[in-house]
Every structure is written in structure tokens, then in C-alpha cells.
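The values are calculated or read from the model by the stated rules, or taken from the named source; none is laboratory data. None of the values given here were measured: they were computed from a predicted structure. Heads up, the Cβs are rebuilt from the backbone with ideal geometry, glycines too, and the neighbour counts pull from every protein chain shown. Quick note on the areas: whole protein, heavy atoms, side chains included, nothing else; ligands and nucleic acids left out. Shrake-Rupley method; radii C 1.70, N 1.55, O 1.52, S 1.80 Å.
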Amino acid sequence: GWDTGFTNLNQGNNFIGGLSYKVLDEVTVTYLATGGNLGWIGSEGYSHSLVVDVLLTEKLQYVFQSDLLSSRNPVYNPGGDVDTIGINQYLFYTINDQWKAGARVEWWNANGLSVNAATIGVNWKPHTNLVFRPEYKHEWIPEFGESQNIFGMDAIISY
């Protein structure tokens, strides 16, 4: 299934594919899609991501991403449907080869409920194969009057 690895939950079996096209030297558009039985997410599903990556200057990069997911008969919500859409916008500033600052604003809507977030952080690359990414994130749900602040950090090791 789409999100169940090798267990094949709910007989998950689907198509995944996409393409990327350089519109201009500074602009790349990428489209990725999945469709079919998405396992845990639903037996009849479709999702896509559309990403527009724009190099504004030598050091400043803007990324727009929109994600859509629609599925029927999800395992976790029998008889219910899942319809979500999200928009993420990123702005990155490359300080030097080791440091990059970033900000992200997100809007996600799931079956009519909106969740929002704003995040700032830095990426530190002390080695070619290692990146540390601390971030501060503020999330809010207007319909419930709820909000929270989160500090997180991860590390990526590539090989």
C-alpha cells in the first residue's frame, strides 16, 4: 500500500509517477501523482503534489507546493471519505556552503477543517553527508481557537 510498506494492508496496490520540467533556467515545475488502492488511506484513492521551485537570486529560493489527497473507504475511518488539500510556501536564504536559513507557511484542509502553521529554522551542514535542521513552529486551528508552539530538530545522513 501507499503508506504501509511491505505489509500490503487492505490489498494496497497503486500507480506512482511524475515528471519535472525546467520552464526557465530559474524555474522548475514538478508534478507527482499516485492512484489506486492506497492501503490504510483508502481503497479508492488519488493524490498529487505540484511543486514550483524558483531561484529568485543566487542566494534566495522560493518554493510553492500544493498537495491533494482524495480517498474512499479508508481503513481508519470505515465508510468515511478523506478529502484534503494543502498549500506550503517556502523561502530559503543560502548564507554560505554550511548554513541555510528558511521559513515556511502552511495551510492544510482536511474534510473542511483548516490547520495552519508558520515555521522558521536553519540548516547546518558540517559535513557533505550530514545536515542538522532545528526549527521553531507555530500551529493554529481557527475553528477550535487552538494553537501550539513546537521546537524540533532532525538530522539527515546521506550515503
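Some points to look at:
- Of the accessible area of the chain, computed with a 1.4 Å probe over protein heavy atoms only, carbon and sulfur atoms account for 61 percent.
- Ranking by accessible area, most exposed first, for 144, 132 with a 1.4 Å probe: 144, 132
- Projecting label points 7 angstrom from Cα along Cα→Cβ for residue 62 and residue 137 puts them 2.4 nm apart.
- Signed unit charges on C-beta, dipole axis of the chain, positive-most listed residue 142, 45, 96: 96
- Accessible surface of residue 133 - all protein chains present, 1.4 Å probe, nearest 10 Å²: 90 Å²
- Take residue 93: with every protein chain present and a 1.4 Å probe, its accessible area is about 100 Å².
- Label assignment, volume of the Cα convex hull per residue in Å³ derived from the structure, set [x] 181; [y] 144; [z] 109: [y]
- From phi via Karplus (6.51, -1.76, 1.60), per-residue ³J(HN,Hα) for the stretch 104-109 in Hz, x at Gly/Pro: 9, 10, 10, 10, 9, 10
- Mean Cα-pair separation over length for the chain, i.e. relative contact order, pairs under 8 Å, 6 or more apart, %: 12 percent
- Placing +1 on each Lys and Arg Cβ and -1 on each Asp and Glu Cβ, with no other charges, gives the stretch 32-117 a dipole about its Cα centre of roughly 120 debye.
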